[in-house]
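Below is one structure, written out as structure tokens; the observations come after it.
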Amino acid sequence: MQNITAESLKARLDAGEKVNLVDVREPNEHAEFNIGGQLVPLGQIRNFQLDEIENLKDAEVIVYCRSGNRSGQAAMLLETMGFSNVNNLTGGMLRWQELYS
């Protein structure tokens, strides 16, 4: 698993780069605030319910959560399931909001 900072991700988004964002928080958290990631809660990943992102196995995937803990777990799980390029957003949405809200 690799890590990416909020600053690096923001720069890539601001440059118009297409990135595959996966939000592993719960639906209520996603509804409150998100940066455009596809919602796939950690529980679904643990239960191998990956239909929505199965096509991203060979692409870069950036996972995020509230603080970086759940997304770190999700990143490790995705790697064991064959995802080849997974990045964890360090500090999660807390860090993002601290910097950009």
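The values are calculated or read from the model by the stated rules, or taken from the named source; none is laboratory data. What you see is a predicted model; the values in this text were computed from it and never measured. Positions of Cβ are backbone-derived with ideal geometry, glycine not excepted, and every protein chain shown enters the neighbour counts.
Just need a number here: residues in region 52-73 that are touching a Cys at 6+ places or on another chain (Cβ under 6 Å) and assigned to a loop (DSSP other than H, G, I, E, B).
Total satisfying the criteria: 0.
Which of the following residues is within 21 Å of Ser101 (Cα to Cα), within 13 Å of the chain's Cα centre (by Cα), aliphatic (A, V, I, L, M) and surrounded by 15 or more Cβ atoms within 10 Å (Cβ to Cβ): Leu21, Leu77, Leu42, Leu56? Working first, answer last.
Values: Leu77 fails: within 21 Å of Ser101 (Cα to Cα); Leu42 fails: within 21 Å of Ser101 (Cα to Cα); Leu56 fails: within 21 Å of Ser101 (Cα to Cα).
Of the residues listed, the single one that is within 21 Å of Ser101 (Cα to Cα), within 13 Å of the chain's Cα centre (by Cα), aliphatic (A, V, I, L, M) and surrounded by 15 or more Cβ atoms within 10 Å (Cβ to Cβ) is Leu21.
State yes or no: is Phe48 hydrophobic (A, V, I, L, M, F, W, C) and at pLDDT below 95?
Here the answer is yes, as Phe48 does meet what is asked.
Just to be sure before I move on: is Leu42 at pLDDT 95 or above and either under 22 Å from Gln2 (Cβ atoms) or of a type in the set (Lys, Arg) (or both) in the structure I sent?
Answer is yes for this residue.
Within region 18-51, track down each residue that is within 20 Å of Gly92 (Cβ to Cβ), assigned to a loop (DSSP other than H, G, I, E, B) and of a type outside the set (A, V, I, L, M, F, W, C).
Selection gives Arg25, Glu26, Asn34, Gly36, Gly37, Pro41.
Here is a yes/no grid of residues against (1) more than 10 Å from the chain's Cα centre (by Cα); (2) surrounded by 15 or more Cβ atoms within 10 Å (Cβ to Cβ); (3) among the acidic types (Asp, Glu):
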{"residue": "Asn28", "(1), (2), (3)": "yes, no, no"}
{"residue": "Phe48", "(1), (2), (3)": "yes, no, no"}
{"residue": "Asp51", "(1), (2), (3)": "yes, no, yes"}
{"residue": "Tyr64", "(1), (2), (3)": "no, yes, no"}
{"residue": "Val86", "(1), (2), (3)": "no, yes, no"}
{"residue": "Gly92", "(1), (2), (3)": "no, yes, no"}
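Filter region 1-16 for residues that are in a loop (DSSP other than H, G, I, E, B) and either buried (at least 18 other Cβ atoms within 10 Å of the Cβ) or in contact with a helix residue (DSSP H, G or I) (Cβ under 9 Å, 6 or more places away or on another chain) (or both) and give the result.
Across region 1-16, the qualifying residues are Met1, Thr5.
I'd like to verify a number: residues in region 72-93 that are closer than 13 Å to Ile45 by Cα and either of a type outside the set (Gly, Ala, Ser) or in contact with a strand residue (DSSP E or B) (Cβ under 7 Å, 6 or more places away or on another chain) (or both), how many?
Residues that pass the stated criteria total 11.
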